[in-house]
Structure formats: structure tokens, C-alpha cells
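Below you'll find the structure, written out as C-alpha cells, and then a few comments.
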Amino acid sequence: MLQGARSGRAVHVLVATPVGATGQGGIDRIMASLKHELERRGRGDIHVRFLATRGSGHIALSLLHTVAFCARMLAARLRGKVDVVHVNLASHGSTYRKLLISGWAAMLGIPYVLHLHGGGYMRFWPEADTLLSRRIGAMFRKAASVIVLGKVWRDFVLRKVPQAEGRVVILPNATETPSLPHKGGGGEVHIVFLGRIEKDKGTPELCEALGLMADLPGWRATIAGAGEVEALRSRLKELGLEVRVAVPGWQAAADVARLLSEADILTLPSFVENQPISIIEGMAAGLAVVATPVGAVADIVSDGETGLLVPPGDVPALRNALSRLVEEPELRRRMGEAGKARHRANLDVAPFADALCDIWRAAAESRVERR
């Protein structure tokens, strides 16, 4: 048991997040919301610092941020100001950085919590008995707790690391209640996509589905995000949709909030996801959702209740779902209200913060050896 747990003093947590809870990217938006919620409450029993491990600059500089994080961890350990390290984990570069951070935490005798949010992790973690696979497995085995976003991810982790049984916690993503009132699209039903513009997110299929809706009146769309923006604009022009479909590129947090307040439908026809924050933000704003049941999406979107789920890559099904919600305002309203209710009950940042604080305190009170 840690000295802090024995004395009853506050638990000190270092959170490893890509760019430091600035609101850039899904996990950083979640961490920014968490930071705001903890600051709003002014909890004296949990002290949290959010530090960047990748940074917002060139990827080549990410190692400097990782080393700086480890240096701050050591300094905090020497001062007795760190009891738990919270490690936000995705695939590729994130994993390589977090292997270093988690290994350093273990060397310093600091319990760490893994928070798996990367949608591509099932493809990334090798099935073969490679050095990388063994290193990842050891990182999961030694974690004081492993947070996953849904049942499919719990099953995946336990299949890979059965020794983690009892330490895997399902905690869905969460967002704050929107600050702007919902206005909707006005005279036209406004369909919004928020995410990276790339094949894995289904943006080519979304373009084709919207093209098949060209003769349907009463709608417009916004496809917002970084990525293959110019290729998307070119394809929309070929489809004759450049006037009806806006492609503004990457959007800051204030722009995302405005888009959600002015939208009626949130769509995310992805091939790969964990549990996308944009869907939860759409539900929080009262939008009907059209998505694919990949990752832990089906844990939060109930087909026919809070939205419509379509198979990945199925352009006709996507067109039919979007067209149905454009043409049926009562269905759209009912699904939006159901999604908002689910958000307030299960996906709001307040209970999310409470659950994380409980996980951190439990980690701080345990020094179980992981092998």
C-alpha cells in the first residue's frame, strides 16, 4: 500500500495524453472535458496533472515529449507527488511511447492504469509470438487496472492477457453537456460527419451514398476533419455535390460545438473504431445517429432507438438510412431525444470522472506484483 493511501492524503495522478488535454483529437477532447469537470468540482482528494507525450508538432519530436514526461514522473516521485500514472493507449507510435512510460513507472514503483482507446488495436497487436506482442502483453499484465470502452474490447484484452481477469474495467467514453442550444439545420436537414477524412472512417462510401441522394430534396451536409480533404472535394465535385456538401477541413472545439448545434443527423460510417467521441457528442446534442456497428459503437447506439446501424461499406444501406431520417422528421426527433437521454444517464462526463477517480484511488492503494 502506498504511503499516501496509508496516511489518507490526496492521490496524485499524472495523465499521459497526446497533446496535454487541449481538445485536439478524440482522446484529448475527452481529457479536456475531464480536466474541466475536475476543476469545476475542486476535488481535494484527487490531484491530477495532464502532460503531453506526443505534442502537437512533428512526429519526430514526440520522443522529446515522452522523455520529458518520464523526467517529470521521476521528479514527482522524488517529491512524493505521484501515486498513479494514467496511460492513454492507442496503436503504433502511441504504444511505443507508452511502453517506455509504463516501464519507467514500474521501475519507479508507481502503479499505472492503461486506458485503451485506439480503434485499430486489434489489427496492431500481433497474433504471432513476436517481441512486440510479448512487450505489449507484459504492459497489460503489470497494469493496476485496464480501462476499455466496451464489451468487445474487454473480450479482446482477456483473450490476449487472461491474467488481467478482474482488472479490466468497462468505462465508456463521455462528453460534457453541450454549451450551445440545439437549433438544427433550419429549412434543410443538416447531416454532419466529424472525424478524419480517410477510408477507415468510411468517407468514400459516405460520398457515394450522398451522391445517390442527389435527387432527394431538403438536405445538406458537412464533412469536417483533417486528412484527404482535397480528394474528397474533387469527388464531391464529380458527383455534383460541391454546393450541397461543405468540406471545411479540421475544426477547433468551438467550431465542432457550433456544427453540432446546427445539425440534425450525425453520421460515422467507419470500418474501424473503438468508441468514437463524435457519436457521443452527437447524442449529447440530440442528433439522430447513422453509424456502423464496429468496435464498441453498438454498446451506445441501439439500432432503431438512438440511431440506425448499417453494415460497413454498404453504400445502399447508408443511403437508405440517411434518406429515411431526412424524410421522417418524427423518427429523427425521437431518436435524437433518446440519444440525449442516454448521454445524460450514461455518457456524461460527471459519472465518468467519478469512475476514474475510484479507479485511480484503487490503483494507489494496491501494489500487487504483476508477472
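Candidates are the residues of region 90-106 that are over 15 Å from Val146 (Cα atoms) and part of a loop (DSSP other than H, G, I, E, B); the one that is least open to solvent (accessible area, probe 1.4 Å) is Ser91. What about Pro351, is it out of contact with any Asp or Glu (no Cβ under 8 Å at 6 or more places or on another chain) and more than 20 Å from Gln275 (Cβ to Cβ)? No; evaluated as a whole, the condition is false for this residue.
For region 161-176, check the following and say yes or no: at least one residue is surrounded by fewer than 17 Cβ atoms within 10 Å (Cβ to Cβ) and either in contact with a His (Cβ under 6 Å, 6 or more places away or on another chain) or among the small types (Gly, Ala, Ser) (or both). Yes, there is a match, as at least one residue in region 161-176 is surrounded by fewer than 17 Cβ atoms within 10 Å (Cβ to Cβ) and either in contact with a His (Cβ under 6 Å, 6 or more places away or on another chain) or among the small types (Gly, Ala, Ser) (or both). Just one of the listed residues (Ala253, Ala246, Ala263) is free of Cβ contacts under 8 Å to residues at least 60 places away in the same chain and among the aliphatic types (A, V, I, L, M), namely Ala246. Residue count for region 273-291, restricted to those that are out of contact with any Asp or Glu (no Cβ under 8 Å at 6 or more places or on another chain) and over 12 Å from Ala338 (Cβ atoms): 12. Within region 53-71, how many residues turn out to be in a helix (DSSP H, G or I), touching a residue at least 24 places away in the same chain (Cβ under 8 Å) and farther than 20 Å from Met139 by Cβ? Number satisfying all stated conditions: 1.
Of the residues contained in region 178-197, none is found to be on the phi < 0 side of the Ramachandran plot, open to solvent by 40 Å² or more (accessible area, probe 1.4 Å), in a helix (DSSP H, G or I) and in contact with a Phe, Trp or Tyr (Cβ under 9 Å, 6 or more places away or on another chain).
Taken together, Val67, Val113, Val82, Val87 contain a single residue that is open to solvent by 20 Å² or more (accessible area, probe 1.4 Å) and β-branched (Val, Ile, Thr), which is Val67. Listed conditions (1) in a loop (DSSP other than H, G, I, E, B); (2) modelled with pLDDT of 95 or more; (3) under 27 Å from Val152 (Cβ atoms) are all met by Gly119, apart from (2). With the requirement that a residue be of a type outside the set (Asp, Glu) and either open to solvent by 20 Å² or more (accessible area, probe 1.4 Å) or at positive phi (or both), what does region 121-132 give you? Listed by number, the residues that qualify are Met122, Arg123, Phe124, Pro126, Ala128, Thr130, Leu131, Leu132.
The values are calculated or read from the model by the stated rules, or taken from the named source; none is laboratory data. On a predicted model such as this, the values are computed, not experimentally measured, just so you know. Don't worry about glycine lacking a Cβ; one is built from the backbone with ideal geometry, like all the others, and counts go over all protein chains shown. Surface accessibility is based on the protein's heavy atoms, side chains included, excluding ligands, DNA and RNA. Shrake-Rupley method; radii C 1.70, N 1.55, O 1.52, S 1.80 Å.
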